[in-house]
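S.K.: Can you keep this structure in mind? I'll have questions shortly.
Computed from the coordinates by the stated procedures, all read-outs in this text should not be read as laboratory data. Bear in mind the structure is a predicted one, so any value in this text is a computation, not a measurement. Counting neighbours? That spans all protein chains shown, and the Cβs are built from the backbone with ideal geometry, glycine included.
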Amino acid sequence: MHVSSKKERSIVTDKLHEKNFHPVFLSNNQIDTFYKGYCNSILWPLFHYFFSFMEYENNYWDSYKEVNQLFLSAAAQLIEPGDIVWVQDYHLMLLPKMLRTTVPSISIGYFHHVPFPSYDLFRVLPKRAELLHGLLGADLVGFHTFDYKSHFISTVERVLHLNFTNNYLQLEGRKMCAAYFPMGINYEKYHAAFEKAAVTNVHKAPSSNHEKSKTILSVDRLDYSKGIIHRVKAFGNFLKHHPEYRTKIALLMVIVPSRDNVYRYAYLKKEINEAISAINGAYSTRTWTPICYFYHSLSFEYLVTLYREADIALITPLCDGMNLVAKEYIAAKRNTPGVLILSEMAGASIELNEALLINPNDLQQIEQSIVEALSMPVEEQFRRLHVMQAIVKKQDIKKWAFDFLSTQQRIYLENKKN
């Protein structure tokens with residue numbers, strides 16, 4: 001995190017220490033070269049299969065190493081032998097090995113929250129070996145899906161010429177493991193939320209200004225990996241090819257601002273604005289607007305209200321590690337029907353196979369799935385919802401954390417015996 005003065009740093013540090021958090025402060029230059037640079041201009045597009053979007057600068061790598069070292073320095077002051085350390089995500093891929101070298105006799109886990117690409121794509125990285133060696137410092141490296149885990153193993157074997165056996169690798173007198181753990185949500189928080197006054201008192205969401213309209217909901221962070229333009233175009237095609245649904249359905253789009261000071265994201269926002277304006281300009285009436293668009297974050301209470309009331313959730317990422325919005329929509333439903341249309345490129349699609357699964361690059365298939373969702377009997381909607389709710393409830397955030405940490409600790413203890 002970054003604050004502008006020593007006084008602010010002191011205030012932030014004191015406040016975080018009250019909750020047993022310990023900050024790592026970055027300079028403006030580090031934010032530009034580490035976060036905006038190496039993490040989000042190189043690793044993010046690569047991991048999401050947009051390798052042509054990569055913008056490589058040598059100083060980005062230098063900053064990436066520097067910031068990982070800052071986290072090591074901060075952690076080393078707190079960690080003691082026997083402690084459990086859990087490193088989160090692609091921003092800190094070098095940290096596990098740094099910890100292994102600096103702090104002896106600790107349990108180290110790393111979880112990768114985004115997709116891990118195939119070897120043919122990962123090999124594009126000039127520093128591919130260094131990143132992999134960094135991850136191998138962990139006792140356990142975790143992923144959302146079996147495929148991501150398999151890509152990682154294959155990449156390690158082909159780049160570093162090491163051999164896994166049944167997901168385990170023998171390395172420097174110890175073994176490490178690669179495994180997958182589908183991340184969940186706080187199911188009860190979403191499922192029980194609408195019973196609370198804070199939610200039930202929220203006014204009906206302005207999904208449309210036509211009382212009898214059905215509502216399609218999409219919620220995303222601004223990002224090219226989310227398939228937002230594809231979704232808007234598919235909805236426009238739906239209105240064009242199915243005029244009988246005009247004035248009877250509305251697409252409510254919630255896009256949370258993200259990195260919009262970066263050129264590629266600013267251009268994406270411009271594209272989205274223009275696409276929505278074109279559709280609304282072509283089909284709006286005095287009493288009906290096809291697409292209602294919000295470019296800001298929403299409170300939890302308001303978001304749950306939208307989930308509860310939406311007839312359809314349309315989630316079409318081109319590539320997504322998991323996508324928890326899909327699980328939140330399922331969990332928020334209680335006595336209201338609904339249909340989830342979900343990209344098969346999202347990690348969540350493996351668990352939520354009672355959704356209408358689509359290829360997000362196939363605009364005609366998205367269009368057809370909207371028609372199928374609108375014509376689906378209520379009984380079938382509830383049947384699918386209940387199946388998916390059972391899965392989301394079982395595989396919740398607590399189980400995800402417990403499964404990972406217990407596996408990590410088991411491997412650490414086995415290594416300690418040897």
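S.K.: Per 10 Å bin from zero, what fraction in whole % of the C-alpha pairs of segment 1-55 is there, up to the bin with the longest pair?
M.R.: Going from the shortest bin to the longest, the percentages are 24, 32, 26, 16, 2.
S.K.: Let me ask another. Structure shown: which of LYS214/LYS393; LYS189/LYS226; LYS175/LYS417; LYS36/LYS269 lie over 20 Å apart, alpha-carbon to alpha-carbon? Write out the running numbers ahead of the final one.
M.R.: On the way: LYS214/LYS393 27 Å; LYS189/LYS226 25 Å; LYS175/LYS417 12 Å; LYS36/LYS269 18 Å.
Among LYS214/LYS393; LYS189/LYS226; LYS175/LYS417; LYS36/LYS269, the Cα-Cα distance tops 20 Å for LYS214/LYS393; LYS189/LYS226.
S.K.: Nearest 10 degrees is fine. How inclined is helix 263-283 to the longest principal axis of the chain, computing both from alpha carbons?
M.R.: Around 10 degrees separate the two axes.
S.K.: Which whole-number percentage describes the relative contact order of the chain, with Cα contacts under 8 Å and a sequence gap of 6 or more? Intermediate values should be presented prior to the final figure.
M.R.: Working: 714 pairs, mean separation 60.0, N = 418.
Contact order relative to length: 14 percent.
S.K.: Working from the pairwise distances between different alpha carbons, so that the mean of 1/r is found and then inverted, what is segment 71-142's Kirkwood radius in Å?
M.R.: Numbers: mean 1/r = 0.0791 Å⁻¹.
By the Kirkwood definition, the hydrodynamic radius is 12.6 Å.
S.K.: In addition: Give me, ordered by chain and number, the residues 5 or more places off VAL256 or on other chains with an amide H under 5 Å from its own placed amide H.
M.R.: For VAL256, whose amide H was placed from the backbone, the distant partners under 5 Å are ASP220, ARG221, LEU222.
S.K.: Also, quick follow-up: Nearest 500 deg cm²/dmol is fine: what mean residue ellipticity at 222 nm does the chain get from its DSSP H runs of n ≥ 4 alone, each adding -39,500 (n - 2.57), divided by its residue count? Intermediate results must be reported in sequence, preceding the final value.
M.R.: On the way: 16 runs with 184 residues, N = 418.
Rounded to the nearest 500, it is -13500 deg cm²/dmol.
S.K.: Another question, if that's okay. I need the per residue convex hull volume for segment 281-374, using only the alpha carbons, in cubic angstrom as a whole number.
M.R.: Details: hull volume 13.0 nm³, N = 94.
Once divided by residue count, the hull of segment 281-374 is 138 Å³.
S.K.: Sort LEU16, LEU140 so the one with the fewest other Cβ atoms within 10 Å of its own Cβ comes first.
M.R.: On the way: LEU16 13, LEU140 24.
Ordered by Cβ neighbours within 10 Å, fewest first: LEU16, LEU140.
S.K.: Which order do peptides 161-171, 363-373 fall in by mean Cβ count within 10 Å, highest first? Walk me through the numbers before you get to the answer.
M.R.: Details: 161-171: 12.2, 363-373: 18.9.
Packing proxy ranking, top to bottom: 363-373, 161-171.
S.K.: I've got another one for you. For segment 187-395, report the translational diffusion coefficient in µm²/s to the nearest whole number, using Stokes-Einstein at 20 °C, 1.002 mPa s, and a Kirkwood Rh over Cα pairs.
M.R.: Numbers: Rh = 17.2 Å.
This corresponds to a translational diffusion coefficient of 125 µm²/s.
S.K.: I need the phi-derived Karplus couplings for segment 366-375: 6.51 cos²θ - 1.76 cosθ + 1.60, θ = phi - 60°, integer Hz, Gly and Pro marked x.
M.R.: For segment 366-375, the Karplus-derived couplings read 4, 4, 5, 5, 5, 4, 4, 5, 5, 9 Hz, x marking Gly and Pro.
S.K.: Collect residues whose amide H, placed 1.01 Å from N in the peptide plane, falls under 5 Å from the amide H of CYS292; neighbours closer than 5 in sequence don't count.
M.R.: Amide H neighbours of CYS292: LEU251, LEU252, MET253.
S.K.: In Å, what Kirkwood hydrodynamic radius results for the chain from the alpha-carbon pair distances? Spell out each step's value before the answer.
M.R.: Working: mean 1/r = 0.0430 Å⁻¹.
After inverting the mean inverse Cα-Cα distance, the result is 23.2 Å.
S.K.: Specify the residue with the greatest mean-square fluctuation among ASP89, ASP139, ASP220, computed from a Gaussian network of the chain linking alpha-carbon atoms under 10 Å apart.
M.R.: ASP89
S.K.: Relative to the present Cα-Cα distance, how much length would full extension add between GLU271 and PHE294 at 0.36 nm per residue of separation?
M.R.: Values: separation 23, 0.36 × 23 = 8.28 nm, distance 1.50 nm.
Full extension of this stretch gives 6.8 nm more.
S.K.: I would also like to ask the following. What is the angle, in °, between the Cα long axis of helix 6-17 and the longest principal axis of the Cα atoms in the chain? Nearest 10 is fine, range 0 to 90.
M.R.: 90 degrees
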